[in-house]
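Presented below is the structure to which this report refers.
The values are calculated or read from the model by the stated rules, or taken from the named source; none is laboratory data. What you see is a predicted model; the values in this text were computed from it and never measured. Here the Cβ is made from the backbone with ideal geometry for all residues, glycine too, and neighbour counts use every protein chain on show. Heavy atoms of the whole protein, side chains included, go into the accessibility calculation; ligands, DNA and RNA do not. Shrake-Rupley method; radii C 1.70, N 1.55, O 1.52, S 1.80 Å.
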Amino acid sequence: MAAPGSIIGFVGTGVMGRSMAGHLLDAGYRLRVHNRTREKAAPLVDRGAVWCETPGQAAEGAAAVITIVGYPADVEQVYLGSDGLVAASAPGTVLIDMTTSSPVLAQRVHAAGAAVGVPVLDAPVSGGDVGAREARLTIMVGGDPAAFASVEPLLRVMGPNVVLQGGPGAGQHTKMSNQISIAGAMIGACEALAYAEAAGLDPEKVLTSITAGSANSWSLANYAPRMLAGDFAPGFYVKHFIKDMRIALECSREMAIDLPGLELALRLYERLAERGGADSGTQALYLLYKEHAARL
Ligand code: NAP
């Protein structure tokens, strides 16, 4: 059981990870941290976390190791690389990947861990940078029930909605469902604002009406005000959203289902990235509408 006071490894201290790791320190866990760029872990080290040169070192003596890196390739390196977590972890250490990544890779990493007695859970999150800062993340888990039970209190430090969705990969499939829903919501938010402005309305006033009714969504409530303020900082990177939509489309093709709304959202975001928006927050989609360039 990963109880407060026990050692937790933490790999990936970016926009999401730095807040999530901070909550674990607040809750009394002892952290061993690793990040590709060391400086980004410095605020956690200043608060008592131990710096580790490799992911494998972060697993030393740990009851559990949490990872939240960028892409599937990063997950593969952190888990299956020569200095990686699967080779370095003692049997029984629970590895928890909170990156949004491929369900197929999650199953592969789970199998590699199982072969050496190391349980691996996929546990991606939703709730954005705000949810990470305020410890209000939704956490979608796939893996073995016993491993899940042993780390559920640890996960609850980072968010109240923690659900075991099924076996290995089920957390990532749930997250894909989440991203498909957000893809539509982001187009909805942009088009609602573009329409309100074209109709000569005050878009901020429009938001006070439509966020209070049945049109509301997390995207509308949190991102539409940033769109209107011209605040396109991440938040949630465009490049990461494109990664998610590509994974979801690949999975949907394997399942032989058509998702034309998702295909449209991906095309629009790829256009935004081609115009230099890859490192912006996903609310920068609005810039395409401002330029009247969203015609397909
Ligand atoms: P981010 O700021 O880029 O953080 C990722 C961190 O992982 C970076 O600090 C990066 O190091 C580190 N990293 C990447 N590969 C590594 C490796 N091989 N070894 C060690 N460290 C490595 O991204 P984020 O916004 O926190 O997102 C992280 C993940 O959560 C992504 O999969 C994203 O899709 C997902 N997510 C994000 C949000 C959101 O709103 N931001 C919400 C839900 C889910 P560097 O410092 O060198 O870049």
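Of all residues in the stretch 163-175, those that are without any contact (Cβ under 8 Å) to a residue 60 or more places away in the chain have Cβ atoms under 8 Å from Cβ atoms of residues that are open to solvent by 40 Å² or more (accessible area, probe 1.4 Å) and in a loop (DSSP other than H, G, I, E, B), 6 or more apart or on another chain, in Gly167/Asp144. Of the set (1) open to solvent by less than 50 Å² (accessible area, probe 1.4 Å); (2) over 13 Å from Ala183 (Cα atoms), all apply to Glu250 but (1). Quick one: what pairs do we get from the stretch 7-24, first residue in contact (Cβ under 8 Å) with a residue 24 or more places away in the chain and within 6 Å of the ligand (Cβ to nearest atom), second basic (Lys, Arg) and in a helix (DSSP H, G or I), C-beta under 8 Å, 6+ apart or different chains? Between residues of the stretch 7-24 that are in contact (Cβ under 8 Å) with a residue 24 or more places away in the chain and within 6 Å of the ligand (Cβ to nearest atom) and residues that are basic (Lys, Arg) and in a helix (DSSP H, G or I), the close pairs are Thr13/Lys40; Gly14/Lys40. Looking across the stretch 3-15, the residues that are on the phi < 0 side of the Ramachandran plot and crowded, with 24+ Cβ neighbours inside 10 Å come down to Ile8, Gly9, Phe10, Val11, Thr13.
Take Gln165 and tell me if it is open to solvent by 20 Å² or more (accessible area, probe 1.4 Å) and part of a strand (DSSP E or B).
Values: open to solvent by 20 Å² or more (accessible area, probe 1.4 Å): yes; part of a strand (DSSP E or B): yes.
Answer is yes for this residue.
Residue count for the stretch 96-127 under the criterion of being over 24 Å from Glu250 (Cβ atoms) and either within 14 Å of the ligand (Cβ to nearest atom) or surrounded by 21 or more Cβ atoms within 10 Å (Cβ to Cβ) (or both): the result is 3. Filtered by the rule that a residue be under 17 Å from the mean Cα position of the chain (by Cα) and free of Cβ contacts under 8 Å to residues at least 12 places away in the same chain, the stretch 178-203 gives a lone residue, Ser181.
In the set (1) open to solvent by 70 Å² or more (accessible area, probe 1.4 Å); (2) assigned to a helix (DSSP H, G or I), the condition left unmet by Leu228 is number (1). Between a residue in the stretch 37-48 that is away from the ligand (no atom under 12 Å from the Cβ) and any residue that is open to solvent by less than 50 Å² (accessible area, probe 1.4 Å), which pairs come within a Cβ distance under 7 Å, given they are 6 or more apart or on different chains? From the stretch 37-48, the pairs are Val45/Val33; Val45/Trp51; Arg47/Leu25; Gly48/Leu25. Here the condition is being within 16 Å of the ligand (Cβ to nearest atom) and part of a helix (DSSP H, G or I); of Lys205, Lys239, it holds for Lys239 alone.
Would you call Ile139 under 23 Å from Arg36 (Cα atoms), in a strand (DSSP E or B), out of contact with any Ser or Thr (no Cβ under 7 Å at 6 or more places or on another chain) and within 16 Å of the ligand (Cβ to nearest atom)?
Details: under 23 Å from Arg36 (Cα atoms): no; in a strand (DSSP E or B): yes; out of contact with any Ser or Thr (no Cβ under 7 Å at 6 or more places or on another chain): yes; within 16 Å of the ligand (Cβ to nearest atom): yes.
When the stated conditions are applied, Ile139 does not pass them.
Quick check, is Ala212 open to solvent by less than 70 Å² (accessible area, probe 1.4 Å) and either over 23 Å from Val238 (Cβ atoms) or among the basic types (Lys, Arg) (or both)? It is false that Ala212 is open to solvent by less than 70 Å² (accessible area, probe 1.4 Å) and either over 23 Å from Val238 (Cβ atoms) or among the basic types (Lys, Arg) (or both). The number of residues in the stretch 253-268 being within 21 Å of Ala73 (Cα to Cα) and either open to solvent by less than 50 Å² (accessible area, probe 1.4 Å) or of a type in the set (A, V, I, L, M, F, W, C) (or both) comes to 1.
Test Ala265 against the stated conditions and say whether it is farther than 15 Å from Ile187 by Cα and outside the structural domain of Pro103 (by TED's automatic domain parsing). Taking the combined requirement at face value, the residue does not satisfy it.
Hey, among the residues in the stretch 28-52 that are out of contact with any Phe, Trp or Tyr (no Cβ under 6 Å at 6 or more places or on another chain) and part of a strand (DSSP E or B), which one's surrounded by the most Cβ atoms within 10 Å (Cβ to Cβ)? Checking each candidate, the answer is His34. Within the bounds of the stretch 179-198, is there any residue that is in contact with a helix residue (DSSP H, G or I) (Cβ under 6 Å, 6 or more places away or on another chain) and assigned to a loop (DSSP other than H, G, I, E, B)? Within the stretch 179-198 (the criterion being in contact with a helix residue (DSSP H, G or I) (Cβ under 6 Å, 6 or more places away or on another chain) and assigned to a loop (DSSP other than H, G, I, E, B)), the answer is no, since none of the residues qualifies.
How many residues, within the stretch 213-230, are in contact (Cβ under 8 Å) with a residue 12 or more places away in the chain and away from the ligand (no atom under 14 Å from the Cβ)?
The initial filter retains those residues of the stretch 213-230 that are in contact (Cβ under 8 Å) with a residue 12 or more places away in the chain, namely 215, 217-220, 222-228.
Now narrow it down to the ones that are away from the ligand (no atom under 14 Å from the Cβ): 215, 217, 220, 224-225, 227-228.
Number of matching residues: 7.
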